[in-house]
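Read-outs: derived from the displayed coordinates by stated rules, not from any lab. Computed from a predicted model, the values in this text were never measured in an experiment. Don't worry about glycine lacking a Cβ; one is built from the backbone with ideal geometry, like all the others, and counts go over all protein chains shown.
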Amino acid sequence: MKKKKNLVRLVMCALFSALIVVMTFTPYLGYISVGPIEITTLHIVAIFAAVVLGPKYGAIVGGVWGLTCIVRAIQMGFAPFANPMVSLVPRILVGIVAGLVFLGLSKTKCPKVVSLVIATLVGTLTNTVCVISALQIFNGFKSLLGAAATAIETIILTLIGTNGLIEMISALVIIPSLYMATEKYFKSKI
């Protein structure tokens with residue numbers, strides 16, 4: 001029985017990973033461009049995988065997200081996101097952190113919906129904070145904007161912060177709803 005459940009988890013991880021790949025390379029599905037900002041919906045898949053399958057598989061799905069982000073950055077000539085410290089590491093951390101938070105809260109008397117909301121908030125914040133921090137640390141803004149970086153950096157940080165807020169709200173609506181709707185199925189299979 002344990003082997004079967006492990007196989008089901010592995011297959012589900014592969015399905016979530018495939019969903020990440022398809023969403024990344026389908027226009028306006030994984031990344032929605034709105035003027036100068038680009039809103040991602042891929043964090044929803046990574047966080048959902050983490051709360052359903054656990055932090056280990058959440059990290060794998062997050063890693064796939066990070067790798068597709070690097071490939072996309074190279075294709076589009078967006079150099080700062082070709083750096084694995086900007087694109088890969090934060091996405092792996094999203095899966096680990098969201099999975100661990102949900103797992104930890106599930107062991108308390110905290111209602112499941114509250115555990116999902118907190119794990120979703122923390123997962124989304126992990127992505128936003130880690131990407132902004134990595135861009136700052138690895139001079140992503142300077143390589144992107146050149147000499148005008150310091151003047152425009154505040155504007156970009158504001159846009160990314162707004163972007164993160166939109167991503168958080170969408171995740172807060174979708175992940176708890178989707179989890180509660182599919183909980184019976186996942187409990188019987190995993």
Taking Cα atoms, how many degrees apart are the long axis of helix 42-53 and the longest axis of the chain, rounded to 10 and kept between 0 and 90? 30 degrees
With no solvent and one point per C-alpha, what does the Debye sum give as log10 I(q)/I(0) for the chain at q = 0.09, 0.10 Å⁻¹? -0.33, -0.40
I'd like the orientation of helix 2-25 relative to the chain: the angle between its Cα long axis and the longest Cα principal axis, in ° from 0 to 90, rounded to 10. 30 degrees
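Hey, any idea what Rg/Rh is for region 1-105, computing Rh the Kirkwood way over Cα pairs? Write down the numbers at each step before the final one.
Values: Rg = 14.2 Å, Rh = 13.9 Å.
A ratio of 1.02.
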With +1 at each Lys and Arg Cβ and -1 at each Asp and Glu Cβ, the charge dipole magnitude of the chain around its Cα centre, to the nearest 20 debye, comes out at 1200 debye
Among Val11, Val71, Val101, rank each residue by its count of other Cβ atoms within 10 Å, from fewest to most, as a rough exposure measure. Val11, Val71, Val101
Which residue, chosen from Thr128, Phe81, Pro176, occupies the Cα position most advanced towards the positive end of the dipole of region 2-189, where the dipole is computed from +1 (Lys, Arg) and -1 (Asp, Glu) charges on Cβ about the Cα centre? Pro176
Under 12 Å from a point placed 7 Å out from the Cα of Leu103 along the Cα-to-Cβ direction: which residues of region 46-79 have their backbone N that close? 50-60
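Do the alpha carbons of any pairs in Lys5/Lys109; Lys5/Lys184; Lys2/Lys109; Lys4/Lys112 sit beyond 24 Å of each other, and which pairs? It would help to have the intermediate numbers written out before the result.
Values: Lys5/Lys109 26 Å; Lys5/Lys184 15 Å; Lys2/Lys109 27 Å; Lys4/Lys112 26 Å.
Exceeds cut-off: Lys5/Lys109; Lys2/Lys109; Lys4/Lys112.
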Report, in degrees rounded to the nearest 10, the 0 to 90 angle that the Cα long axis of helix 112-137 makes with the longest principal axis of the chain. 30 degrees
